[in-house]
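Please treat every number below as a calculation from the coordinates, not as lab data. Just so it is clear, the model here is predicted, and its values are computed rather than measured. Note: ideal-geometry Cβ built from the backbone for every residue, glycine included; neighbour counts use all protein chains shown.
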Amino acid sequence: MITAIAMVLGGTFFAIKKKKYKSSCQFLVTNPLYGDRSTLFRSIETRYVDYFGGDDDLDKVTALANSDTVKDRVIRNCQFDKIYNGGDINDPKAHAFYMSIFDKNFSIKRTEYKNMELSYIAYKDTDAANVANMAEKVLEETYRHYYTAMKNNIYTSINDKVKQLDSSINVLTDTLADMRDRYGIYNLISPARQGMTSGDMKGGGKGYGMAVEQIQNIESIKDQLVSDRAHYISVLNEFSTTMSSSLQYLKVISTATPPTSPTGLDIVKTLLIAGFLGLFFSIMYVLIIAYFNKLNAVIR
């Protein structure tokens, strides 16, 4: 009787329990070194770089997936306030409520084939698929931004240096033009321009020799600055290429789709588990009662 009652209770619980749906997507983590400047513009030696990310890269993706930054963007992009009706998402209490719901239903794990599986459980099948796909999209953008942000900082630093060089070169150009016009020296006399130094110097007068030496010194500095500026501009072009949004750091191999059946145990397994538990506890109850009855009989 206890076993039958347990099975009836289990079936009733299964019937009244609100169904939940689980949707998942799978993706591969690419090696970030393939988007690095030293890989795209190889000029010295060729080194083999694996296309797929290693264990360290998978750990970074897992850490970012569990970060508040990714969670906050997902619950806002998926409009959790409309899905769960817990109040304004900007309210601290409501926001904490939505974050706890996301933590409870969100899961990310790696498989034995070095790909990752991201899943989400919701009361609606479409919500489960939408949240899972949005989480993957936000995760890819955040993971890519981790690398592009550092490259952008380097780009900004070099670009500021180019602006400084432009200012210095303009000053030196004005100085050289003024001295050449003043002393009538128009020969290329910079030692930095090898093979272009003219030995036929015309002119003279007081201060002419000093002017020649000063022009030579200034030209050598200007030539070096111009050479550095050209090199920096080349480096800027390389860094701008590595920051392109066309470089994907997560490759989706299976998108999340609305599931056709709810997650969890079906009716048969629920009845079997409920019946087994009822039978187990009823047997234990009968054995304990019989044991105590024998003890009382011996005492009497």
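By the helix-only formula, in which each DSSP H run with n ≥ 4 contributes -39500 (n - 2.57) and the sum is divided by residues, the chain has a 222 nm mean residue ellipticity of -21500 deg cm²/dmol. The amide H of PHE52, built 1.01 Å from its N in the peptide plane, has ASN31 as neighbours under 5 Å, considering only residues 5 or more places off or on other chains. Between the helical axis of 208-242 and the dominant principal axis of the chain, each derived from Cα atoms, what acute angle in degrees is found, rounded to the nearest 10? Between helix and principal axis, roughly 20 degrees. The Cβ shell under 12 Å around GLY54 holds other residues with a net charge of -2, Lys and Arg each +1, Asp and Glu each -1.
Checking every one of the chymotrypsin sites (Phe, Trp or Tyr not before Pro) in the range 66-129 against DSSP loop status and a limit of 10 other Cβ atoms within 10 Å picks out TYR113. The HN-Hα couplings worked out from phi for the range 108-124 by the Karplus form 6.51 cos²θ - 1.76 cosθ + 1.60 (θ = phi - 60°) are 9, 8, 9, 9, 6, 9, 6, 10, 10, 10, 10, 9, 8, 10, 9, 6, 10 Hz, whole numbers, x standing for Gly and Pro. Using the Karplus relation 6.51 cos²θ - 1.76 cosθ + 1.60 with θ = phi - 60°, the per-residue 3J(HN,Hα) values for the range 63-68 come to 5, 5, 5, 8, 7, 5 Hz, with x marking Gly and Pro. Restriction of the GluC sites (Glu not before Pro) in the range 100-167 to DSSP coil positions whose beta-carbon has at most 13 other beta-carbons within 10 angstrom yields GLU112. In whole percents, the pair-distance distribution calculated for the range 1-76 from its alpha-carbon pairs, binned every 10 Å from zero, is 13, 22, 20, 15, 14, 7, 6, 2, 0. Once the Kirkwood radius over Cα pairs is known for the range 91-157, the Stokes-Einstein relation at 4 °C and 1.567 mPa s delivers a diffusion coefficient of 91 µm²/s. D by Stokes-Einstein for the range 55-104, Kirkwood Rh over Cα pairs, 25 °C, 0.890 mPa s: 214 µm²/s.
Summarised as an ellipsoid, the range 203-298 has semi-axes of 97, 24, 5 Å, derived from the eigenvalues of the Cα gyration tensor scaled by 5 and square-rooted, with the largest first. Kindly provide log₁₀ I(q)/I(0) values, in the same order as q = 0.16 Å⁻¹, from the Debye equation applied to equal alpha-carbon scatterers of the chain. Relative scattering, expressed as log10 I(q)/I(0), comes to -1.23. Residue-wise HN-Hα couplings along the range 244-253, as the Karplus relation 6.51 cos²θ - 1.76 cosθ + 1.60 with θ = phi - 60° gives them from phi, are 5, 6, 6, 7, 9, 9, 10, 10, 6, 10 Hz; Gly and Pro carry x. Counting Lys and Arg as +1 and Asp and Glu as -1 over every other residue whose Cβ lies under 13 Å from the Cβ of MET179, the net charge comes to -2.
For SER107, what residues show an amide H to amide H distance below 5 Å, using hydrogens built from the backbone and excluding near sequence neighbours? Long-range HN contacts for SER107: SER119. With unit charges on the beta carbon (Lys/Arg positive, Asp/Glu negative), name the residue among ALA128, ILE5, ILE289 whose Cα is farthest towards the positive pole of the charge dipole of the chain. Going by the charge dipole, the pick is ILE289.
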